[in-house]
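Here the structure is laid out as structure tokens; the discussion comes afterwards.
The values are calculated or read from the model by the stated rules, or taken from the named source; none is laboratory data. Source: prediction; values computed, not measured. Glycine gets a Cβ as well: all are built from the backbone with ideal geometry, and neighbour counts include every protein chain shown.
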Amino acid sequence: MKRYSRTTAVTPKHVSRLVARLGRQEYSLFVTTSYFTEQAQREFLTDSYPVHLIPGVELVNMLRFLHLAEETSIRNEWLESVLAN
């Protein structure tokens, strides 16, 4: 796990390091609270990496779609249930 601030982009180098660690027939998710540079996205598409890139905006939208997040926070009851299990 590596953390990025919202203003620090994930570069092709970071995505390539993840791909290099994958075994045959493995698939990975690269989730960040930040964003991917245009070059990282272009390389991802061109090389058909077996990785799904999930930038912070998409993560927030997924949580909102699933009604797990409200305006600016994650629903406490859901978060507590996840942490309890």
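Observations
- Of all residues in the stretch 46-70, those that are touching a residue at least 12 places away in the same chain (Cβ under 8 Å) have Cβ atoms under 7 Å from Cβ atoms of residues that are acidic (Asp, Glu) and part of a loop (DSSP other than H, G, I, E, B), 6 or more apart or on another chain, in 50/26.
- Scope the stretch 28-50; condition more than 23 Å from residue 60 (Cβ to Cβ) and of a type outside the set (Gly, Ala, Ser); matching residues: 39, 42, 43, 46, 47, 49, 50
- Single match in 37, 72 (criterion: hydroxyl-bearing (Ser, Thr, Tyr) and assigned by TED's automatic domain parsing to the domain that holds residue 5): 37
- Subset tally (residues that are exposed (fewer than 10 other Cβ atoms within 10 Å of the Cβ), part of a loop (DSSP other than H, G, I, E, B) and not small (Gly, Ala, Ser)) for the stretch 18-53: 3
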